[in-house]
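No value in this document is a laboratory result; all are computed from the given coordinates. What you see is a predicted model, and the numbers here were worked out from it, not measured in a lab. Note: ideal-geometry Cβ built from the backbone for every residue, glycine included; neighbour counts use all protein chains shown.
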Protein chains: 2
Amino acid sequence: MHTSTALLTDHYELTMVDAALQAGTAHRRSVFELFARRLSGARRYGVVAGTGRLLEAIERFRFTDQELSFLNEQQVVSARTLDWLADFRFTGNIWGYPEGEVFFPGSPLLTVESSFAEGVLLETLSLSILNADSAVATAASRMVHAAAGKPLAEMGSRRTGEYSAIAAARAAYIAGFTATSNLEAGRSYGIPTMGTAAHSFTLLHETERDAFAAQIAALGTGTTLLVDTYDIEQGVRTAIEVAGTELGAVRIDSGDLPVVVRRVRHLLDELGATRTRITVTNDLDEHTVAALAAAPVDSFGVGTSVVVGSGTPTMGMVYKLVAHEDASGAWVSVAKKSAEKASVGGRKSVRRARTAAGVATKELILLGDGPGGTSEGQDSDGRTVLEPLIVGGTVQPGFTGRDGIAAARERHRTSVAELPPVAMSLTRGDPAIPTEYR
Amino acid sequence: MHTSTALLTDHYELTMVDAALQAGTAHRRSVFELFARRLSGARRYGVVAGTGRLLEAIERFRFTDQELSFLNEQQVVSARTLDWLADFRFTGNIWGYPEGEVFFPGSPLLTVESSFAEGVLLETLSLSILNADSAVATAASRMVHAAAGKPLAEMGSRRTGEYSAIAAARAAYIAGFTATSNLEAGRSYGIPTMGTAAHSFTLLHETERDAFAAQIAALGTGTTLLVDTYDIEQGVRTAIEVAGTELGAVRIDSGDLPVVVRRVRHLLDELGATRTRITVTNDLDEHTVAALAAAPVDSFGVGTSVVVGSGTPTMGMVYKLVAHEDASGAWVSVAKKSAEKASVGGRKSVRRARTAAGVATKELILLGDGPGGTSEGQDSDGRTVLEPLIVGGTVQPGFTGRDGIAAARERHRTSVAELPPVAMSLTRGDPAIPTEYR
């Protein structure tokens, strides 16, 4: 696969650059903002994910001969614009919510300050990555809370595109999952990978006993045996007969889990396998995980629901021009007027207001001179949220690669811990804290 | 990005190979089947997509030093298995529903005949690609029908992962969309790309008139002007004043579309722009497209809903071992017994039964000696469906690349035309034709 990310975008980003170059307006300094008008799925909070991937993708956003010859052959842009694209690299500034941070309606997740042409080119790529990864992280964060401290593994690669699967494993890990089944996520991002055997492995062998013996011979008694291919009770008995009472775990992938899990725990204990753990994996989502809170489950494997955002496969984020220099060089705030798609023009900074005890109370969006400016500093409520991600075209340290993932995972843990208890409700409803513009 | 696809898979596929190699069962000839137990979203038919991408991905399924060193460092498999993987290439046969074909519950979309180890390694990759791409194509096909012959453009890149966006553009095109906004889909697959300008382009300029003039100067009067940044009626008037009555089209992205579109058509006609087309793009799905059937819309742009499968982002397909050779070399049919996840063991072939007039009546799944065998030939009802996709490890011609996409698009057109009228219902319900096992 080609490494440039420059064509992972919409045709109209290029034609807008073409027309603006010709009109002499392409170089006007502009501020674009990436935000969500509402929390998709009536969630109580959103989780920003994908930021590190986006920063890496922006570094690879270059028009090489492959991209330029396609644009030329298809006459997408003029010859003059092709010359401009050949030299393109993003030279502006991007402030943003660092990865793992929670967000609310209107939160300016990215503030892109650059020429119009540079900023508009990043629209589609930024939205693709943040919409998809944040949808997974937002769902995953709810599941982590529902699991109440028990470990969750992401196992949904088969239910999303083969490259989205890697991004999903990464986003779920940032939101607090402990492992993934996806090997490329392990190789690319250092996320712990896990997995043992599927039903096909049992079915391949003459008997379940043969299959278990083969697995234990290869993977040791610490492995997890899948006990529900035929009869679960018999499967558990056979598992302990073959592995002994030191068997690591049994996995259950079918049945009425709250009932089945209790029976299996009882049986394992009766057989002396008191330390053998139980892991369950049957089309779980945050609601079924929560329903197993009182059951003797030791860990969860979640597939489909986490990678498709548990009913909300995209966050509905948008990327809007909010300010630009006019012909005289003066800054003007702009916003689309259509009633149902209104946006708030102008530069913004953010503080998350908190009580003395550190509980978040408001998402304060401060109109004024933008992140790092005086308007942000004038309000002493709460803490700052925005961080400089790219300065003068240079990606800042700490947000990308494995360090970025580790920081994002820790940041998510502390950010979600600040939220009021209502944030943990799994019902549809209002955002956990209101957004206030000042 | 790395070109091998071998780690786009689950950890347990590798540990199963490891255990089966050690047990001496890895080389047993096996038959795996990829199918959907039901049609997700209670759709009336499914559309197979991704097959061409999968065949290309299987050709790149090789363990190079990068993959092997990761598996070694992480001790995913033993040294012996690493040696086996180093030489791996798929040498078996794959029969399948060719891309673009419609399908029903139980339809064997892929039949993979190989050693157990070779077949099990392809499970996750096959499911990732077919589940995701087929979800898009299935939704897109409904939208194409709802549009009743008017062209549809796919514009949803920003609402799905940056690589899934390319696959989604491809799947929508196979299902009958006419174009995409995604440039990489144009470059990789030759799909026509389109796009003109967004609201930010209008907002950048001092006036809407300046923005329209700039766009027309660069793109000509055949372009599409976005007229709803401020007031739609004024936008239309300004568009025709600037472009003249030969303006190609206006785009409307907000408002109560059936009402707004009629007003805009009336106004355009009044202004003499009787040939200026109207394109609409406001969070459309198959239902809102259908609701515009009687409105004077000339074309549709569909974003979010098509790339996320319009409520069904994955098809829920599974990949199951259905038969294998036992220790004595005899073939045995196998199936998991769990009540809610039962599967039908054994090799299968398929005929789509039809009336004398050519209307599909049943999906006949014939148990016996499999595709191309005598059981398929014994039943003269209808037409065959399965085709050999890979023979002895070699991808067969006609299914991959741009030729494959063109063939799939045409195949979809003819396959969906065979279905009874109930197939076109947008309500939830039973499959358009029943699946019958013989």
Here the FRET efficiency for A:E56 versus B:E206, based on Cβ atoms and R0 = 41 Å and rounded to 0.05, is 0.65
Let me know the charge dipole size of the stretch B:96-166 about its Cα centre in debye, to the nearest 20, where only the beta-carbon of Lys, Arg (+1) and Asp, Glu (-1) is charged.
500 debye
Starting with the highest mean, order A:58-69, B:271-282 by the number of other Cβ atoms within 10 Å, averaged over the residues of each peptide.
B:271-282, A:58-69
Spatial extent of the stretch A:138-307: Rg and Dmax, with the Cα atoms as the point set, Å:
15.7, 45
Sort the stretch A:1-59 into rounded, prolate or oblate with this rule: let a ≥ b ≥ c be the square roots of the eigenvalues of the Cα gyration tensor; rounded if a/c is under 1.5, and if a/c is not under 1.5, prolate when a/b is larger than b/c, oblate otherwise.
oblate
Averaging sequence separations of C-alpha pairs under 8 Å and six or more residues apart, then dividing by the length of chain A, give the relative contact order as a whole percent.
23 percent
Test item: B:309-315 mean partner chain Cβ contacts at 10 Å:
4
Counting only other residues whose beta carbon sits under 11 Å from that of A:Y437, what net charge do I get with K and R as +1, D and E as -1?
+1
If we count other beta carbons within 10 Å of each Cβ, what is the order of B:Y437, A:Y319, fewest first?
B:Y437, A:Y319
Taking the Cα atoms of chain A, report the difference between the largest and smallest coordinate on each principal axis, in whole Å and largest first.
83, 57, 37
Neighbour-count order for A:E418, B:E73, B:E241, A:E13, fewest beta carbons within 10 angstrom listed first:
B:E73, B:E241, A:E418, A:E13
Within 10 Å of each Cβ of A:317-328, how many other protein chain Cβ atoms are there on average?
3
Sum of -39500 (n - 2.57) over DSSP H runs of 4+, divided by residues of the protein assembly as shown (222 nm, nearest 500)
-11000 deg cm²/dmol
Using a 10 Å cut-off on Cβ to Cβ distances, tally the other chain neighbours for every residue of B:179-188 and report the average as a whole number.
6
What is the distance, in nm, between label points placed 7 Å from the Cα along the Cα-to-Cβ direction at A:T435 and at A:T384?
2.2 nm
Here the alpha-carbon Rg of the stretch A:269-331 over 2.2 N^0.38 Å rounds to 2.26
Total lysine pairs under 17 Å (Cα atoms) in the protein assembly as shown, excluding pairs fewer than 8 apart on one chain
12
